[in-house]
1. As a check on your grasp of the helix formula, calculate [θ] at 222 nm for the chain: sum -39500 (n - 2.57) over DSSP H runs of n ≥ 4, divide by the residue count, round to the nearest 500.
2. Lys and Arg at +1, Asp and Glu at -1: add these up for the other residues within a Cβ distance under 11 Å of GLN55 and post the number.
3. What nm distance separates the two modelled labels at ILE143 and SER102, each placed 7 Å from Cα along Cα→Cβ?
4. Lysines near LYS171 by alpha-carbon distance under 16 Å, same-chain residues fewer than 8 away left out - which ones?
5. Using 1/(1 + (r/R0)^6) with R0 = 22 angstrom and r between the beta carbons of TYR47 and ARG90, what's the FRET efficiency to the nearest 0.05?
6. Let me make sure I get this right: for the chain, a, b and c are the square roots of the gyration tensor eigenvalues over alpha carbons, sorted descending. Under 1.5 in a/c it's rounded, otherwise prolate if a/b > b/c, else oblate. Which is it?
7. Work through the residues other than LYS19 whose Cβ is under 15 Å from its Cβ and net out their charges, Lys, Arg +1 and Asp, Glu -1.
8. Summing Lys, Arg as +1 and Asp, Glu as -1, what charge do residues with Cβ under 15 Å from the Cβ of LEU159 carry, LEU159 excluded?
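What follows draws every value from the coordinates through simple rules; no lab data is involved. What you see is a predicted model, and the numbers here were worked out from it, not measured in a lab. Please note: Cβ atoms are built from the backbone with ideal geometry, for glycine as well, and neighbour counts cover all protein chains shown.
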Amino acid sequence: MKINMRPNILLTGTPGVGKTTLGKELAQRTGLTYVNIGDLAQEGQLYDGYDEEYQCPILDEDKVVDELEDQMGEGGVIVDYHGCDLFPERWFHIVFVLRTDSSQLYTRLEGRNYTGKKLQDNVQCEIFQTIYEEAMEAYKHEIVHQLPSNTPEDMEQNLDQIVQWTEQWIKDNN
Ligand code: DAT
């Protein structure tokens, strides 16, 4: 039996923009596998030291890439991470950068108990479109797409668009 080729999708953007919510729902609708890099690193202890300023472990990027290499080669993976230049460019068929208005993001991150410098730095990261620029440097421009993620309606529209894109990709590549 021949198994259909399926695309790998990167969901990226500042913490709080909605990657996890979108990614899990997308996995349900498409049958693709959702992978949260933060969770993967925690489960496998894929760390290299501790960041005292942000009070969090530092990701061991090489270990993360090694851990995922085989699965990415098979295809059909949705990757969720607030960074994008640590992954090999060849992994992804499309990259979505979720974007949220700063006031909205501030409220969401406060709700997640972010305070002080961590809260400010993350909101600034969104204002300066840091992750979008990182994505534009790391991937071909034509596969990088920004998606507004302010309201539940945005979320629905994004889901519909990505589901459609995925179905079309599978048709075109099999
Ligand atoms: P991320 O994985 O990017 O850190 P999340 O999926 O955990 O973000 O979402 C953070 C919070 O924002 C969560 O309470 C759900 C909410 N949220 C996400 N996307 C949204 C949207 N488009 N409209 C309204 N709320 C949203």
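1. -15500 deg cm²/dmol
2. Result for the neighbourhood of GLN55: -1.
3. The modelled label-to-label distance comes out at 3.2 nm.
4. Straight-distance partners of LYS171: LYS2.
5. The calculated FRET efficiency here is 0.30.
6. Working: a/c = 1.90, a/b = 1.30, b/c = 1.46.
Judged from the Cα gyration tensor, the chain comes out oblate (a/c at least 1.5, b/c at or above a/b).
7. Working: positive: LYS24, ARG99, ARG108, ARG112; negative: GLU25, ASP39, ASP80, GLU126, GLU134, ASP154.
So the surrounding residues net to -2.
8. -4
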